[in-house]
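Report on one structure; see the data block that follows.
Just so it is clear, none of the values below were taken in a lab; they were calculated from the coordinates. Only a predicted model underlies this, so the values are computations on that prediction, with no experimental measurement involved. With ideal geometry, Cβ positions are generated from the backbone for all residues, glycine too; neighbour counts draw on all protein chains shown.
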Amino acid sequence: MFDRVRTVWSRVTGAAAGEEGTPAAGADTRPHNLFEAAAAYVSASVEDDQERIDEAAGWVSPEALSFGLNELACRAVVALAREREESPRQVARALLGLPVV
């Protein structure tokens, strides 16, 4: 039970849990920003790596992660639209498997 509390507390504080509350050996002590968290979360999701998904989700608040994911999606759709010379609406609908109208 205390391990679960410690895990939740480390996510809330953004700290890497190690011995006696100090960062784990070799841990990156620099705080992650929401865009790094979003990129790590998405890439881990694509690779179906639950451990990395959980790690990235703990770097920032859920609200910040949501904002980062939205920004990443917008930028990806715009980049694909430019590459394909299509509208962002067409690309977004195609990516989701929706009929392009």
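How much length would be gained if the chain were fully extended between Arg75 and Arg30, taking 0.36 nm per residue of separation minus their Cα-Cα distance, in nm to one decimal?
Numbers: separation 45, 0.36 × 45 = 16.20 nm, distance 2.53 nm.
So the extension gain works out to 13.7 nm.
Using R₀ = 41 Å, calculate the FRET efficiency as 1/(1 + (r/R₀)^6) where r is the Cβ-Cβ separation of Ser87 and Gln50; round to 0.05.
Values: r = 35 Å, r/R0 = 0.86.
Here the calculated transfer efficiency is 0.70.
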